[in-house]
Amino acid sequence: MNKSILFTSLFIQNVLFAQFSQRNLSSENWQFKNSKDKSWLSAKVPGTVHLDLMNNKVIPDPLKDENEKKVQWVENEDWDYQTQFTISSKELENKNINLVFNGLDTFSEIYLNGKLLKKTDNMFRRWEVPVKQNLRIGNNIIQVKFKSAVTAGKELAKKVPFIMPESPRSFVRKAQYQFGWDWGPRLVTSGIWKDVKLEFWNNAVLENTKIEQKSLTDKKADLRIHTSIVADQDGKYTLTINDKPNEIKLKKGRNKIEMPFVIENPKRWQPNGWGDPYLYDIKISLQQKSKVLSDEAVKIGLRTIELVQEKDKKGKSFYFKVNGNPLYIKGTNWIPADSFSPRITKEKYQKLIKDSKEANMNMIRIWGGGIYEDEEFYKACDENGILVWQDFMFAGSFYPADEDFLNNVKEEVKDQVERIQNHPSIALWCGNNEIDEAIVNWGYQKQFNYSKSDSLQVWKDYKKLFHEVIPDALKANLTADKNIYWPSSPSIGWGHKESLTEGDSHYWGVWWGEQPFEIYNEKVGRFMSEYGFQGMPTMEAIKSMFSGTPEFSLQDSTVKAHEKHARGWDIINEYMKRDYHVPTDFVKYNYVSQLLQARGMQMAIEAHRRAKPYNMGTLYWQLNDCWPVVSWSSIDYSGNWKAFHYQAKRSFEPTLISVAETDKAYEIYFINDLLNAFGAESGAKLIDFEGNILWKTEAADPLSANSSEKHFEIKKAELGKFDLSKAVLKVYFGNNLLQQEKLFFFNKPKDLKLSKPDITIRKISPMEFEISTDVLAKDVYLIGDTHFSDNFFDMLPQTSKIIKLSKPLEKIEVMSLWDTMEN
Ligand code: BMA
């Protein structure tokens, strides 16, 4: 018998003997209807009512044209879902049968064969109902009746004697971005948004396993396996952990069992940039008289992680120590990857996380206005060495804290923590996004005429929820090694100077404050968890805004509607005028808006990295989009890299050269995030746009491990005699293992005296092209429906570069900054 046949036969045996089994009901024929209507339409589970309405051609695609407006009525209606399924006599013989909904969005009543089983009020909880008594052999019917979340929210809002900002959003435990955001449409959904199943079990079942890492050295990992087992009857059982059987006794009811487990000579899970994110399989199986009752497989990674906050001369540090070393955090913020999250595919999750890895990131913050992410997200982060900053799902408003609400949140925390806590990628749990900041700085109390006692109540409720209820629920459900809690991101609003000396900081002086990009050099905090600038999405995403022929015009109402920030277009235009010639042609405007975003973000990231170890982290706002839109994202809804994502990859490289300009000099920094030091030859050359070397300097300098250091400086006076609007400084370091170079321009792009480059493109193979130029080519933009291994890059005179494609192209079109200048 070959290996795969052996495996299959063991698998079949296991299934036959395993007494736990499940049946997915998502694939049954579901139907839905407006509760006011009589006739049913076909539905898809998991899904949302908007997708079902679209599939039945009742509404147009809300992400296209200006359709968002046309579908707003959907949120005010109540929606019913139902399916019929048959139960066999064999299935009904099981002692225990549970009906499990992994997610219901949001206010619903669940009926089985006409009997009301449960009312639900939280999209982020798992609902499990014992149904053996309610099932019958043959035909059964499940109905889930959803009440409009907006109506339900309005009723809940009446409980509070003052007006809450953006009411009724914060009264409903539902993805907050559905109510509209400054990058997302308002699409308040309803529906069975995760799988539905029946679970059958007898005697005993594994309910949940938590794996605690007690200690970790090079020799050994001491683990403790905590299992929760529900038994139907007292008795002797066997709990096998990776083939090691342990005899256990169970009592009827819920049993908490703890077992030690040791891994000798463990391999550590390393974050991206430091090595492999090694994963171990832990297989747990519950047996009785050598029959498997239920089993579970968990993947874990062995790593230590601490959040270090120590007082120092300037304030307080804020950094993550991973596997004993301070890790400089590079990454971004994540929003839900679709306005209709159930349709996000595994491939989409995998691709976005791989794109983050490829851009040299090691952390993603899941922003609190979205959803606790799908299993595939965390799995991809585990596998790619990406740490996760996990917000709880509360964002940018005030929240109630009555008993019902708090109990609901407690259950939500329990469900989510149990679901995701074994993932080695999860680094930190954060109470909320920008709520402390909203209460302290956004002036809602004045706007809504709060009395003093109303304001006090808001603060008291805030403290209760984020400083008491959530951390207590975390403590009750997490193992100690995983419990790093931070109440709010940012900890201090950007208007306060302490936001730059302690805690995590969201710096919005650029964009919201309309300050120049250069301010990023000054506003460097200990850990920058948000900052950003908008850029247009790629032309492919622009096309996808239209159901018909696209209208490439900034005046077009569809294009305008796909910008959600009230002043978005004006702000982009204003910043563009400062640094670029503003093109009138749409495609060129699109290109320059992407360059502008990349330029601003490069300045921010480099300022943060130069300030290491004062600053120990930089997470830009935002990685992705939930629809085709002009936004802060670096990857658009179609999955294409905007100019900024290519820049993020460059700016996040493990070793980086950065040039800081002062009044008198250009300071050259070498930044090294690797844990080893190395010797290198380094230097700088001033090259004019035709390729002549005007000036140079050389040095031999070692790079220290895990550091940022100023290596040398060039006095401005020394370059005084050259026309710097026609020259670029090439700074480099290198040895036989590692080479790095950086091109630094002395002027704003609009003030560069570029000459027309002759860029030639030679096809080497269908997937590989060589790009060459005669004179300096700035911001070379390769155009074509494929992913280019590099794009939006600068080329020195008389150089060439090989570009790989993700799918073959016959021809590549090209543009560079010269094409946008008034030549
Ligand atoms: C941040 C986020 C989001 C918002 C973004 C851009 O502060 O937390 O709420 O979309 O700013 O304005």
Notebook entry, point to check: If we scan the stretch 466-484, do we find a residue that is within 16 Å of the ligand (Cβ to nearest atom), among the aromatic types (Phe, Trp, Tyr) and under 24 Å from residue 391 (Cβ atoms)?
Noted result: yes
Among strands (runs of 3 or more DSSP E) entirely within the stretch 568-687, at least 3 residues that are within 16 Å of the ligand (Cβ to nearest atom) and under 19 Å from the mean Cα position of the chain (by Cα) occur in 617-620
Among residues of the stretch 489-506 being assigned to a loop (DSSP other than H, G, I, E, B) and touching a residue at least 60 places away in the same chain (Cβ under 8 Å), the residue nearest to residue 366 (Cα to Cα) is 504
Filtering strands (runs of 3 or more DSSP E) wholly in the stretch 149-256 for at least 1 residues that are within 16 Å of the ligand (Cβ to nearest atom) gives 179-181, 184-186
Considering residues that are under 26 Å from residue 689 (Cα atoms) and either in contact with a Lys or Arg (Cβ under 7 Å, 6 or more places away or on another chain) or not hydrophobic (A, V, I, L, M, F, W, C) (or both), the number found within the stretch 764-795 is 14
Of the residues in the stretch 508-532 that are open to solvent by less than 30 Å² (accessible area, probe 1.4 Å) and within 10 Å of the ligand (Cβ to nearest atom), the one that is farthest from residue 748 (Cα to Cα) is 529
It is to be established whether one or more residues within the stretch 478-488 are in contact (Cβ under 8 Å) with a residue 12 or more places away in the chain, surrounded by 15 or more Cβ atoms within 10 Å (Cβ to Cβ) and among the basic types (Lys, Arg).
yes
Checked the stretch 409-444 for anything at negative phi, modelled with pLDDT under 95 and among the small types (Gly, Ala, Ser); matches are 438
| said: Against the condition closer than 30 Å to residue 333 by Cβ and surrounded by 21 or more Cβ atoms within 10 Å (Cβ to Cβ), how does residue 654 come out, does it pass? | reply: no
So, first residue more than 18 Å from residue 665 (Cβ to Cβ) in the stretch 689-713, second residue in a strand (DSSP E or B) and polar (S, T, N, Q), Cβ within less than 6 Å, six or more apart or across chains; the pairs are 703/672; 707/672
**Request:** Taking residue 472 as the residue in question, decide whether it is open to solvent by 40 Å² or more (accessible area, probe 1.4 Å), closer than 23 Å to residue 364 by Cβ and of a type outside the set (S, T, N, Q).
**Result:** no
Those helices (runs of 4 or more DSSP H) completely within the stretch 24-129 that have 3 or more residues that are in contact (Cβ under 8 Å) with a residue 24 or more places away in the chain, of a type outside the set (Phe, Trp, Tyr) and buried (at least 16 other Cβ atoms within 10 Å of the Cβ) are 49-55
Please verify whether residue 359 is within 16 Å of the ligand (Cβ to nearest atom) and open to solvent by less than 10 Å² (accessible area, probe 1.4 Å), treating the condition exactly as stated. no
Exactly one of 386, 420, 435 is within 16 Å of the ligand (Cβ to nearest atom), open to solvent by less than 10 Å² (accessible area, probe 1.4 Å), within 20 Å of the chain's Cα centre (by Cα) and β-branched (Val, Ile, Thr), and that residue is 435
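The values are calculated or read from the model by the stated rules, or taken from the named source; none is laboratory data. This is a predicted model, so every value here is computed, not measured. Neighbour counts run over all protein chains shown; Cβ positions are idealised from the backbone, glycine included. Side chains included, ligands, DNA and RNA excluded: accessible areas come from the protein's heavy atoms. Shrake-Rupley method; radii C 1.70, N 1.55, O 1.52, S 1.80 Å.
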